[in-house]
Structure formats: structure tokens, C-alpha cells
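Asker: Structure provided below as C-alpha cells; questions to follow.
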Amino acid sequence: MSPQAKKQENKILILATETCAYPGADSVGQAHSTYPANTYILRVRAPVLFPESFYFDCFKKGISGIIVMSCGEECPYEGAFTAMAKRLDGVYKKMKAMELDLKRLRLTAICTVCNRSFLNEVNQMDKLVRELGPPIFKK
Amino acid sequence: MTEKNTDNKKVGVYICYCGGNISDHVDVEEVKKRAEKMPNVVVARTNMFMCSDPGQELIINDLKSGKIDRVVVASCAPSLHEATFRDAIKRAGSNPFIYEHANIREQVSWVHHGEPATDKATILIASAAAKANLLTPLDPIRVEAKKHTTVIGGGIAGIKTAIDIAQTGINVALIEKSSLLGGQLNNLDKLAPSGEKASEVLQELLDQILTHKSITIHTDCEIEAVQGYVGNFSLSISKKSDNKIEKLNIETGAIVMATGAIPYIPFDGEFGFGQHEQVITLQNLIQILKNNKSTGSILEVNGKRIRNIVMIHCVGSRQIPGIHQPKEDGKLNEYCSRTCCAAMLNASNQIKENFPATRIYEMYRDIRTYGRGQEELYTQASANKVVFMRYEANAQPEVSLTRDSDYPFQVKVKDSLTFNEEMDVPADLVVLATGIEPDDVSGLASMMKLPIGTDKFLLEVHPKLRPVEFPITGIFLAGTCQAPMDVGEACNAAGAAAVKASALLRKGFIELDPFVAEVNPNKCQGHGACIEACLKEGALTLVEVDIDGKTVKRAQVTAAMCLGCGACAAVCPEKAIDINGWALKQYEDMVDAIVSDGFAV
Amino acid sequence: MVSTHIKKFDTLVVGGGIAGLQTALDLGDQGYKVAIVEKDASIGGKMIRLSKVFPTLDCASCITTPKMSAAAHHKNIPLFTYCNLTSLDHDTSNEALGVKAVIIQNPRYVDPDKCIGCRQCEYVCPIYVSDEEQGGLSATKAISIPFSNAIPQLPIMDIENCMLCGQCEKVCPTNAIDYFQKPEEFIIQAKTAIITTGFELLPKEDNFQYGSGKIPNVVDSLQMERLLAPHGPYNRVLRPSDGMEPDSIAYVQCAGSRDKSMGVPYCSRVCCMYAIKQAMLLSGSLPLADITIYYMDIRAFGKGYEQFYQNAKAMGIEFIKGKVARIDAGENGSAIVRYENQDGSGIVTANHDLVVLSMGMIPGWNPAPICPVSKDSDHFITSIKPKISPVLTNMNDFFVAGAAAGPKDIVDTVTESGSAAMEAAKFMSNSIMEN
Ligand SMILES: Cc1cc2nc3c(=O)[nH]c(=O)nc-3n(C[C@H](O)[C@H](O)[C@H](O)COP(=O)(O)OP(=O)(O)OC[C@H]3O[C@@H](n4cnc5c(N)ncnc54)[C@H](O)[C@@H]3O)c2cc1C
Ligand SMILES: Cc1cc2nc3c(=O)[nH]c(=O)nc-3n(C[C@H](O)[C@H](O)[C@H](O)COP(=O)(O)OP(=O)(O)OC[C@H]3O[C@@H](n4cnc5c(N)ncnc54)[C@H](O)[C@@H]3O)c2cc1C
Ligand code: SF4
Ligand code: SF4
Ligand code: SF4
Ligand code: SF4
């Protein structure tokens, strides 16, 4: 094993809700399935916390893809899912204006045992970011 | 090492081998070496089993000696041992919220292998350490709570709720709008399925409630305003007594809605109702049977001998858009009223058993004798020779007056039990199995911001997880204000609501999660964007404060109401509001740690 | 089994299904100490084994696991899983002590204090056995954690099938394997007991009209729940006999219910709704399949249930009024359903690729002879006050909730469990006041 980590390209950030998607990711682990290691799962209470700028800052910092894994309509914070989905619409509009591929940002609902959906989402995003490479911001 | 610690926290990182589960795929010692170089990390240690006592001791010793003041454990999923490690921190005399978890088993060693696993574990630890650096000690939010509950509605559900809560040492006020307790039970007689007398069932509870020292009953009362939040609600009530109106105020810790439901009244002409006095509702029939003194082999109603009764099920229930005619307000009752099938069969059996010469035809869509003892009513009705005829929703029975027959009515029905043949059934009496409708509590609901469902009944948070709770902490619901229920089910709901209310208030204060929004008074400019974004009315308000002699507006959080979702943090242009324990700023630093490969390169 | 420890609690909850968990949580939150005794290796009952649940169609695991872990982490609620109750009664030696239960902890052959739930043993074990947690439709190892979200995360060794190869013992990082573990007896004393022992399905093997469980693709509804679960035996809906995707699926309602000669006389209350639910889920995963429900009455009585039923009809699920009299094996793994059409047109037969039996529900536990609590004619625990408080039994310190008091869906189970906790709390506060 090399003593030093190599610089990793094409990182994917996953915002996973603590009640649904995060335990869902654990369930994939319990099943010992594998998926690409360029994925970083952050446990969140409700993704409505993140402003539009958060997503662009991530892209600017070099994150290649973001998956918001929510509870969907089953979100325990009433109204939060709708508010967050609306925010992402705004993000998509700006991404379009910036000529960022919209597929770099995905919103999906993952449940506590949705192993296959989880793997699908992650693999698809991985494929995409490998094709697209890191985001480039045209002024 | 010195310069990286100016006004920063001293993070300790503890990495678990999990007896090979982690270390077979992650080079734990290498991760430790890298962690030692991370900003703010003052010590990194490894252990075969962090969750074991020796593992926990490592953390406790470092905290106690003052070496560290923030903790990161890298091990299995937080669902397993986050609580274990927070407890260990408490045992060391520190605040449990200075802890962050790195999930390097379920989300690393079990899904990735070799070098990428080691690198990813490093990065997750770096990001956890970045978050730990921003964590602050937190205390549960303590809200003083009045050991008092107000139950609104004095039907059986409200009465049962009040008795149950009072029994655990909490004072109760029961508010009833009419002058009588008991609600619908006052209109019923022998209850389905096993025939208890409604009056006796009610009396048993009335005996308990009327003598209970800690329950105050307020009849003829209307609630005019509700203010406050969990533990500290205040109700303004007006009470009618001898032509004058008295005002009273109740300070209360929790509220239970038990406002019940009302029987469906058919519209004029619905199956001839309102036009012929021999077309009656199930409620009417129950009254008739209750007061009936006639003997003999045939039922008499208003002096008329009733040879044939046609009973039509699902009147005012199970209505289908496009098929059924809505009432004037455009409303359709799409739900099943749940109690009418059993109540109808119960009445049929009473009639057949007392007046065997009276013939009964039940026209139904589905017989819903689902509950314990109910199917027996159905079997018994068949044995009693009640005739069952089945109609489809789109081919309702038609009631018409006859001219030359010996019977006043004729009911036309297409019976799907016999080749969908159209039949005319002569009748002396038509009984409509009218269901129930929610009472209009929209006024109360809007005062307390309670959700109402599309069926117009009050809507719980979640039918399985939190069936007797509203999204407003401290407000509960019980009985038929939620949905049709029979008496036993309404009393169960009452018990469930009571247990929640007494668990909430029993200590006289309530401890809530500290994960709520907090405003930074130095940054807030009073824009109010957060208030607009807030999902919970009342959790955030703009208040006027004095700063250097000037009156300015500032956002203020009512912690007891805040959901901690963070909708506010996302919109503040000054970044002046954030969520304790789950702050946006923490996530930004975590992303920085991730993109810089855990500072390990 | 010489020395028997005595453990003292306020309340003993027998059965760790959703009813037991909810009632324990409601008491634990009031400050009472509650022991949950569960016969299975994990808490969660039937609910944790379901796919999605009506009427909201949320994932069963997602709404059961929070309750399971809340109970497991609750400081007032210790769990005793994989235990046999051998006696449950008033403490005859001293009435004032209340309830006394004698319990045997079955050996897992794994030391629960050492095991960290890593499943290394499971991976190395060379022996495959039928996985009852997946309705017997797939295999698991002779030592295994019962299912992925089980609580506690402890494996059980199937000593009958174990060949003592020693591989698990070698691999276990904590030396937790113990081939010589013995059953251990202990006693629980409590002020009150709550019976939440739930239900079982009538075994399809007992029903000769429906093929005595021998016709290949005739499954019961709980097996169908596993087929539909995202973490089920095949990860999708396939016919067990040959792995074919079924094109035509039939539901047989009241299979063993509402008919004494076929099983039980009462209505099992939840099968109409779960059949509709499963049909809806099936039409999602197999959009081209034809789904038929044979029924007598659809009992969609609960909040939102009728609307759920009407949605299913609108989705194209076929509802046929008719009582299925017989099922026979057909060609190529199909099954022939013979039913009496309720419109009076007589006996009709139909061929289906897969048939699901909505089997009736019977009590999960028979108190006799170890516990004197009384049973009703339906064999479920008697409610002495079905109107004022359905959770009261003939013993004043024993309460009942959930399917143990008659078939019941989750919504009604959860509220009834709160109600049982309330009655137990009332009983205990009364006895404090009297003392
Ligand atoms: C025709 C019919 C037959 C039935 N037969 C049976 C049967 O055989 N067996 C059985 O078990 N069940 C039967 N039921 C069901 C039974 O009536 C209900 O389960 C029971 O009455 C529900 O009680 P509750 O307390 O929820 O509501 P209710 O009895 O409706 O009581 C609600 C109370 O709240 C009061 N209230 C309403 N709004 C306010 C307000 N804003 N402020 C203050 N007070 C307010 C009302 O005045 C009323 O007193 C039948 C129902 C009907 C309609
Ligand atoms: C196929 C199917 C699908 C369903 N789908 C739905 C649905 O979608 N929505 C819905 O609301 N409901 C559904 N239900 C109903 C649901 O399963 C029940 O409402 C619920 O499981 C009842 O919970 P319980 O805790 O009372 O009983 P159970 O879940 O049966 O739990 C009882 C527990 O007690 C334990 N136990 C039994 N005897 C003993 C003993 N002697 N000692 C110790 N422990 C013991 C058992 O092992 C078990 O863990 C479905 C049922 C079936 C059969
Ligand atoms: S803390 Fe978790 S990862 Fe470490 S030994 Fe315990 S179970 Fe294994
Ligand atoms: S209980 Fe029976 S009569 Fe009443 S609405 Fe439901 S199906 Fe119709
Ligand atoms: S290998 Fe040992 S520690 Fe791991 S699950 Fe098996 S018994 Fe437990
Ligand atoms: S719920 Fe439906 S399928 Fe089940 S026994 Fe009752 S009527 Fe039959």
C-alpha cells in the first residue's frame, strides 16, 4: 500500500437523509455489495438546509456530481421536501445558464432497504462523471 | 503542530479495526498516521474493538486528561454505536454533543477494497474532524410545562382521555360545546357487536369522571382562541349559562382534540328521504328500537305494521366521483363509515329476533363485519333469514312510491347475487345506513394550525408512526374526529392519546432535542428571509431590539417549536442563522476536507 | 439450570412485534422499566418482514426500524430475544409481587457480550439451510444473522444442521462462538404484564382444498410479502418453481377465514387490504401482468382504505366476486383456480401462473397451559371490556394489545398498544396510591 493517498478525481457527494437514505447506504454495506469509492456520503437531517450556493460551491471546489438522496414525500419535516425540490429547480436553471450538465445533480428518494436503487444511482452518476470529468465553469 | 491549534479545538480520532472487519480492507495504522497530520487533530489512536470497554477507556482518558475536547470515532454505522460513544463521553464528564462519527465499516470496508478503501476512510475521518472542529457543547432544550391537559369534546373518546390522563396525576379540563357529555352515545342503544347498552357503557365512565378530583368539566363552552406552544398553551373560552356569557381562560400544557363526528343526513329526496316519513336513517331506526314497547310477532312503527323493511347500505359513504351526486357544497364522502354495516346487522337481528314476521332485505355493496364478534352478526342475520341483495355502486337501488300496491314503497335493485336481475322489493319501511361525517372544526383547526385531510377529518402526523399526534408538538387527537371508529376503537385511541400526553407532561418540563436553529445576533440584519422560508409557523419571528439606542428588527427562534430542518439557514443572506449540531457551515468544511483528499496528499 | 436469577421490572411485555415495541416505548417514556421478551432472534414481529404497508405504501422496514432501534436504545427497555416463556402467572408465593414469568434463554451458540455482529462466521460457514425469513424461498447459512435489519445483530447457529467444522470459531475476531452454550433459565418479576404475541397465518399445508401446500406456485401472502420486498429472496417477483416472471397472478381471499370448515369462522380483517396492496405493488413491478382478486366482500373499512381500493380498481386490477372452492396444479407450473361466481352463473375455472392465498390469521401464542389468562371462542385473548377498554383481560394486571387480541392492521395495533400502556400505567399508579 502506498504511504500517501493519491489525488482522486471525479468525486461524488451524496447528501443522504438520516432517516431514509443514510441507513439505506448502510444496508448496501451489510449486503457487502460494492460500488465506486469516489462517493462521499454526508448524513443530513433535511437537505432543505442547503442553499443554491452550496451546490455551486461544491462544483467549484471540484466535486463532479451530487446526489441528493432524500426520503421523498415521506420526509419527516413537513413541507421540507417540496421546498427542497423547488430549490433544486432553481439550481437546475442556473446550471443551465452556466452550461453545466444538469445530470451532475440528481434528486432521488432512497429507502432504508432500497439497495438496488442506491447502487443504480451511484453507478450511473459514476459513469457520468467519468465521461464528463470535473466541472468547468465558463464565465 | 503548534500553529494549527490557535483558537481551534483539540480533536481526538479513534479508529476501530473491528477485529478485521475494517482492518482487512482499510490499512488502519496508515489511516492513523494520516489522521495525526490533519488540522486540529491532536491525537489518533486505534483499537481492535472501539466499542469494547478498553476502546471506550481510550476516549475517556484523553478527555479527562484534557488532551482532547472533541471526539471522532471511525468505526461501524452510527446507528449501532453512536449512542455508545456519546455515553462514554458523558461518563468522562464532557458534553455528548462534541462527538462526530465516521462510518468506515458499512460505508467503506464492506463496500470498497484495497487502497481506495484506505483513502476513503482517511477522507471520511478528515471530514468528520472538520465537523468536530465546529461542534459546540449543546444542552437539551428545556421547556417548563404545566401539568395540565385540556381535552376538547366530551364524547366517549374525550371522557376516556380525560380519565386516563387524570389518573397519572395530571389535571384535566374537559371542554364540551353542548350541555351534555357522551356525544353520539346518547343516540345509540344496544351496541354492535355484543349488545352492551350504550347508556350503561357511558354511565360507567361518567361515574368515574364526575367524581374525579383532578378533572374539571366545562359544558356549553366554545373555544375562542388558542395561543402558545407545548407546555404553555392558553385557551380563551366562552361559556353560556342562563342567558349570559361567561369568559374563562385555561392555561394548559397539552391539548387533545376529541371533537367526534356527526351522523350523515341524507339530502332531500335521497332515496326518498325527507319526502316520506317511512324513509328513515339508521339513527332513526336505533331510536325506534330503543323506545319500542310493542310486542307481537311483527314490528310496529308509528302504529303501522312493518311487514317488509328494505335497508340500503352505504348511504352517504363510499361515494365515487362521477357516480354519486355530491351535496350542495360539492362534497363527496369517499370513505367507508366503518360502523354502519355492523350497526345495521345488529338492528336487523334485534328486529328478526323480536319480530320474526317482519321481513328484512339488506341491499349492500360489501358487508364489512371486519371486527371481533362482527362476522357473527352477519352469520346470525343469515340464520335469521335476513335477505341479502348486492348492488353495484353505479346501479343504486331506487325507492319509489307505489300506487296500486298494498305496500307504500317499491325498491328497484339489480341484484348481483342473482344474475344481476332487476327486482322490485315492496316495503313498508326503508332504512338508510347513513354513515358519519366529520364535525366542522375548521375554526379550531385554523386556530391551532391543525391539518385537515381531503376527507375533512383531522389528519394525524403518520397513521402508523404517530397515529394520535399532530405535527404541532403537544396537541393530540382521539376518536372519531380522526376517522370513523366504533366505541372500542375510539377508546383505544383515547388511551393512546392519553399516554402520549402524560409522558410529555409528567415531569413538569419537557426536554427537546438541541438540534434547533440559532440566530447569531451579531450577523442578523433583520431581513426576515428566514421567517418566510420557515416551515413551522411560530418557530421564527422578527422582534424589535435595542442596539446602540436604535430600535432594529432581529430574528428570534422559539426553540420549542423549531423543527431543526434548516430551511431558514439556506436562505439567510447574512449566514446569520444555522442549525445547532447540523450546521451548514459544518457541511461546507466537510466538503473542503473531502475535496482536499483529507489533507493527506 | 441450577441457579436462577430474578430480574425485576415494572412491566413485562411478551412479544416484540410492533404492538410490543409501541407499548414498551409508551411505558418507557413514562419512566417505567419494561422488559420485552421475544421468542424470535430479532424483535420487529411480522411488520419488519413486510414489503410496503397500506394505506400509505411506505416501506415497512423504514417505519419499523425506527421503533425497533428506539426500543433497543431506550434506557428503560431491556430486550430479551430468542427466549421461551415456560410459565406466566401471578406470583403464587407472594401475591403482592404481581407477575412472575419463568423464561429460558435459548442458546445462540454465540456469546452476545463478545459478538460484534460482523457476520464473518456467516460468510465462512459452508452449510446452506432454507431461509425461513425469506419464506423458505432462498437459502442462508447454518450460522447467520436472521435478516439484515435484525435487532440485535447477533447470529444464531442452527445446531441441527451445523457439522461442527469449526470454521466460524476460527474466523470470529472476538472468540464469540461457543458450541457448548446451554439454555439458561431466569425469572422476571413485574407489576404488570402486557401480552402482544400477535398472530400466525393458518398453515396452507392444512388446507387440502387449496392443495395442502403441495402445488408449486401457490404461495401464502407472507411469502408474497418477501417476493415483493426490495431485499427479498430474488430481488424481484419471480415464480418460485422455475424463476419465471408471472403473467397472471391470482389472489384467493378469505382463504381459511369466514368459513369454519376451511379454517376459522371470523374475518381476518387485514387480508383484503394487503391483497389490494400487493396487487398494486405487483402492477408496479410487473406492469404487463394480469392480476385478479377473488373475493366475497372487500373490507376496506379504515381511514383512507376505501379510497385505496377504488384506486386499485382504477388501475385495472380485476376484482371477481366469487369464493374459490378448489385449487389444482395445472400445466407448466400453473395453478387452476375453481370458483363459484357470486352472480349465480356457477362454477368457473381459471388458470394462473402464480396464486397467492390470503390465509386467515390465528393467535401467535396459546396461553394454555402456562398462563391462566382467558381466551375467547376465537382463541385470541379475551377482552373483558371491548367497548370501554379493549386491552383489559380477565386478570387485572394483565393487558393485551395488537393481533393477540384479534386480527388487526398496524394502525389499529399501534393505537391499541398505546392504550394498553395507558391501562398498565394506570394500574401501577393506582397501586402506588393505595400503598
Ligand atoms: C348510527 C350510528 C350507529 C353506531 N353504532 C355503533 C355500535 O353499534 N357500536 C359501536 O361500537 N359504535 C357505534 N357507532 C360509533 C360510535 O358512535 C362512535 O364510535 C363514538 O360515538 C365515537 O365517540 P367520540 O367521542 O369520538 O365522538 P362523539 O360521540 O361524536 O363525541 C364528540 C363530542 O365532542 C363535542 N364537540 C364537537 N365539537 C366541539 C367543539 N368545537 N368544542 C367542544 N366540544 C365539541 C360534541 O358535542 C360531542 O359531545 C355508531 C355510530 C353511528 C353514527
Ligand atoms: C401478508 C400480510 C401483509 C400485511 N400487510 C399489512 C400492511 O400493509 N399494513 C398494515 O397495516 N398491516 C399489515 N399486516 C398486518 C400486520 O402484520 C399486523 O397488524 C401486525 O404485525 C400486528 O403486530 P403485532 O405486534 O400485534 O403482532 P406480530 O407482528 O405477530 O408480533 C408478535 C410478536 O410476538 C412474538 N411472540 C409470539 N409468541 C410469543 C411468545 N410465546 N413469547 C415471546 N414472544 C412471542 C412473535 O415472535 C412476534 O415477534 C399484514 C399482515 C400479513 C399477514
Ligand atoms: S465499534 Fe463497531 S466497528 Fe468497532 S469493534 Fe465495535 S462493532 Fe466493530
Ligand atoms: S360500514 Fe358498510 S354500510 Fe357503512 S359505509 Fe362501510 S360498507 Fe357501507
Ligand atoms: S464472527 Fe463472531 S463476532 Fe462476527 S458475527 Fe460471528 S459470532 Fe459475532
Ligand atoms: S379481510 Fe377480507 S379476505 Fe380477509 S377474511 Fe376478511 S373479508 Fe376475507
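Asker: Out of B:Arg365, B:Arg403, which single residue is within 10 Å of another protein chain (Cβ to nearest Cβ) and either basic (Lys, Arg) or more than 12 Å from ligand 4 (Cβ to nearest atom) (or both)?
Answerer: Sole residue among the options that is within 10 Å of another protein chain (Cβ to nearest Cβ) and either basic (Lys, Arg) or more than 12 Å from ligand 4 (Cβ to nearest atom) (or both): B:Arg365.
Asker: Quick check on this structure: which one of B:Val72, B:Val42 is in a strand (DSSP E or B), at negative phi and within 15 Å of ligand 3 (Cβ to nearest atom)?
Answerer: Only one candidate qualifies: B:Val72.
Asker: Do we find a residue being in a loop (DSSP other than H, G, I, E, B), without any contact (Cβ under 8 Å) to a residue 60 or more places away in the chain and buried (at least 18 other Cβ atoms within 10 Å of the Cβ) anywhere in segment B:369-381?
Answerer: Yes: one or more hits.
Asker: Within segment B:423-452, track down each residue that is within 12 Å of the chain's Cα centre (by Cα) and not in a strand (DSSP E or B).
Answerer: Matches in segment B:423-452: B:Leu450, B:Pro451.
Residue by residue, here is whether (1) part of a loop (DSSP other than H, G, I, E, B); (2) modelled with pLDDT of 95 or more; (3) more than 12 Å from chain C (Cβ to nearest Cβ); (4) away from ligand 1 (no atom under 13 Å from the Cβ) holds:
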{"residue": "B:Ser317", "(1), (2), (3), (4)": "yes, yes, no, no"}
{"residue": "B:His324", "(1), (2), (3), (4)": "yes, no, no, yes"}
{"residue": "B:Met344", "(1), (2), (3), (4)": "no, yes, yes, no"}
{"residue": "B:Ser348", "(1), (2), (3), (4)": "no, yes, yes, no"}
{"residue": "B:Ala357", "(1), (2), (3), (4)": "yes, yes, yes, yes"}
{"residue": "B:Val399", "(1), (2), (3), (4)": "no, yes, yes, yes"}
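Asker: Examine segment C:125-144 for a residue that is within 30 Å of B:Asp53 (Cα to Cα), modelled with pLDDT of 95 or more and either within 24 Å of the chain's Cα centre (by Cα) or aromatic (Phe, Trp, Tyr) (or both), and state whether such a residue exists.
Answerer: Yes, segment C:125-144 contains at least one residue that is within 30 Å of B:Asp53 (Cα to Cα), modelled with pLDDT of 95 or more and either within 24 Å of the chain's Cα centre (by Cα) or aromatic (Phe, Trp, Tyr) (or both).
Asker: Condition first: within 15 Å of C:Arg269 (Cβ to Cβ), more than 8 Å from chain B (Cβ to nearest Cβ) and either away from ligand 2 (no atom under 13 Å from the Cβ) or in contact with a Pro (Cβ under 6 Å, 6 or more places away or on another chain) (or both). Now tell me which residues in segment C:380-415 satisfy that.
Answerer: Once the filter is applied, which keeps residues that are within 15 Å of C:Arg269 (Cβ to Cβ), more than 8 Å from chain B (Cβ to nearest Cβ) and either away from ligand 2 (no atom under 13 Å from the Cβ) or in contact with a Pro (Cβ under 6 Å, 6 or more places away or on another chain) (or both), segment C:380-415 yields nothing.
Asker: Out of all the residues in segment A:68-88, which are of a type in the set (D, E, K, R) and within 11 Å of chain B (Cβ to nearest Cβ)?
Answerer: Listed by number, the residues that qualify are A:Glu74, A:Glu78, A:Lys86, A:Arg87.
Asker: Condition first: within 26 Å of B:Tyr370 (Cα to Cα) and away from chain C (no Cβ under 11 Å). Now tell me which residues in segment B:189-216 satisfy that.
Answerer: Answer for segment B:189-216, where residues must be within 26 Å of B:Tyr370 (Cα to Cα) and away from chain C (no Cβ under 11 Å): B:Asp189, B:Lys190, B:Ser199.
Asker: Looking only at segment B:64-79, how many residues end up being within 14 Å of chain A (Cβ to nearest Cβ) and either within 16 Å of ligand 5 (Cβ to nearest atom) or of a type in the set (D, E, K, R) (or both)?
Answerer: Final tally of qualifying residues: 3.
Asker: For segment C:117-157, enumerate the residues that are part of a helix (DSSP H, G or I) and either within 14 Å of chain B (Cβ to nearest Cβ) or within 16 Å of ligand 1 (Cβ to nearest atom) (or both).
Answerer: Selection gives C:Gln120, C:Cys121, C:Glu122, C:Tyr123, C:Val124.
Okay, residues lined up against (1) away from every other protein chain (no Cβ under 14 Å); (2) outside any loop (DSSP other than H, G, I, E, B); (3) surrounded by fewer than 21 Cβ atoms within 10 Å (Cβ to Cβ); (4) among the basic types (Lys, Arg):
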{"position": "B:Lys507", "(1), (2), (3), (4)": "no, no, yes, yes"}
{"position": "B:Ile510", "(1), (2), (3), (4)": "no, yes, no, no"}
{"position": "B:Pro514", "(1), (2), (3), (4)": "no, no, yes, no"}
{"position": "B:Pro521", "(1), (2), (3), (4)": "yes, no, yes, no"}
{"position": "B:Gly538", "(1), (2), (3), (4)": "no, no, yes, no"}
{"position": "B:Val545", "(1), (2), (3), (4)": "yes, yes, yes, no"}
{"position": "B:Val552", "(1), (2), (3), (4)": "yes, yes, yes, no"}
{"position": "B:Ala560", "(1), (2), (3), (4)": "yes, no, no, no"}
{"position": "B:Tyr587", "(1), (2), (3), (4)": "no, yes, no, no"}
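Asker: Residue under question is A:Gln30, and the condition is that it be modelled with pLDDT under 95, within 11 Å of chain B (Cβ to nearest Cβ) and under 20 Å from B:Val595 (Cα atoms); does it hold?
Answerer: Considered against the rule, which asks whether it is modelled with pLDDT under 95, within 11 Å of chain B (Cβ to nearest Cβ) and under 20 Å from B:Val595 (Cα atoms), A:Gln30 comes out as no.
Asker: Output yes when any residue across segment C:290-297 is within 14 Å of chain B (Cβ to nearest Cβ), exposed (fewer than 15 other Cβ atoms within 10 Å of the Cβ) and not aromatic (Phe, Trp, Tyr), and no when none is.
Answerer: No.
Asker: What residue, among those in segment C:384-435 that are over 16 Å from the mean Cα position of the chain (by Cα) and over 27 Å from C:Gly31 (Cβ atoms), is surrounded by the most Cβ atoms within 10 Å (Cβ to Cβ)?
Answerer: C:Pro386
Asker: Anything in segment B:462-505 that is more than 8 Å from chain C (Cβ to nearest Cβ) and assigned to a helix (DSSP H, G or I)? List them, or say none.
Answerer: Correct list: B:Gly479, B:Thr480, B:Cys481, B:Ala490, B:Ala501, B:Leu504, B:Leu505.
Asker: Within segment B:130-223, considering only strands (runs of 3 or more DSSP E) that don't extend past its boundaries, which have at least 3 residues that are in contact (Cβ under 8 Å) with a residue 40 or more places away in the chain and surrounded by 16 or more Cβ atoms within 10 Å (Cβ to Cβ)?
Answerer: Output list reads B:148-152, B:171-175, B:215-218.
Asker: Could you check how many residues of segment C:17-61 are assigned to a helix (DSSP H, G or I) and either within 16 Å of ligand 5 (Cβ to nearest atom) or more than 10 Å from chain B (Cβ to nearest Cβ) (or both)?
Answerer: The number of residues fulfilling the criteria is 7.
Asker: Would it be correct to say that C:Gln209 is of a type outside the set (A, V, I, L, M, F, W, C), surrounded by 24 or more Cβ atoms within 10 Å (Cβ to Cβ) and outside any loop (DSSP other than H, G, I, E, B)?
Answerer: When the stated conditions are applied, C:Gln209 does not pass them.
Asker: Given the criteria at pLDDT 95 or above and at positive phi, does C:Gly198 qualify?
Answerer: Yes.
Asker: From the residues in segment C:301-334 that are part of a loop (DSSP other than H, G, I, E, B) and of a type in the set (A, V, I, L, M), which one is modelled with the lowest pLDDT?
Answerer: Filtering segment C:301-334 for residues that are part of a loop (DSSP other than H, G, I, E, B) and of a type in the set (A, V, I, L, M), the one modelled with the lowest pLDDT comes out as C:Met315.
Asker: (1) within 14 Å of chain A (Cβ to nearest Cβ); (2) touching a residue at least 12 places away in the same chain (Cβ under 8 Å): which one isn't true of C:Ile215, the others all being true?
Answerer: With (1) within 14 Å of chain A (Cβ to nearest Cβ); (2) touching a residue at least 12 places away in the same chain (Cβ under 8 Å) applied to C:Ile215, the lone miss is (1).
Asker: Ok, one more. Taking only segment C:265-280 into account, find how many residues are within 14 Å of ligand 2 (Cβ to nearest atom) and surrounded by fewer than 20 Cβ atoms within 10 Å (Cβ to Cβ).
Answerer: Matching residues across segment C:265-280 total 1.
Asker: Checking the conditions here, which among B:Ile298, B:Ile312, B:Ile306 is assigned by TED's automatic domain parsing to the domain that holds B:Pro397, touching an Asp or Glu at 6+ places or on another chain (Cβ under 7 Å) and in contact (Cβ under 8 Å) with a residue 40 or more places away in the chain?
Answerer: Just a single option satisfies the conditions, and that option is B:Ile306.
Asker: Looking only at segment B:562-574, count every residue that is more than 27 Å from the chain's Cα centre (by Cα), at the interface with another protein chain (Cβ under 9 Å from one of its Cβ atoms) and part of a loop (DSSP other than H, G, I, E, B) and tell me the total.
Answerer: 1
Asker: Can C:Pro112 be described as within 16 Å of ligand 3 (Cβ to nearest atom), surrounded by fewer than 22 Cβ atoms within 10 Å (Cβ to Cβ) and either among the small types (Gly, Ala, Ser) or part of a loop (DSSP other than H, G, I, E, B) (or both)?
Answerer: yes
Asker: Just one of (1) more than 14 Å from chain C (Cβ to nearest Cβ); (2) part of a helix (DSSP H, G or I); (3) not hydroxyl-bearing (Ser, Thr, Tyr) trips up B:Asp329, so point out which.
Answerer: Failed condition: (2).
The values are calculated or read from the model by the stated rules, or taken from the named source; none is laboratory data. In this text, all values refer to a predicted model and were calculated from it rather than measured experimentally. Every residue, glycine among them, receives a Cβ derived from its backbone with ideal geometry; neighbour counts consider all protein chains shown.
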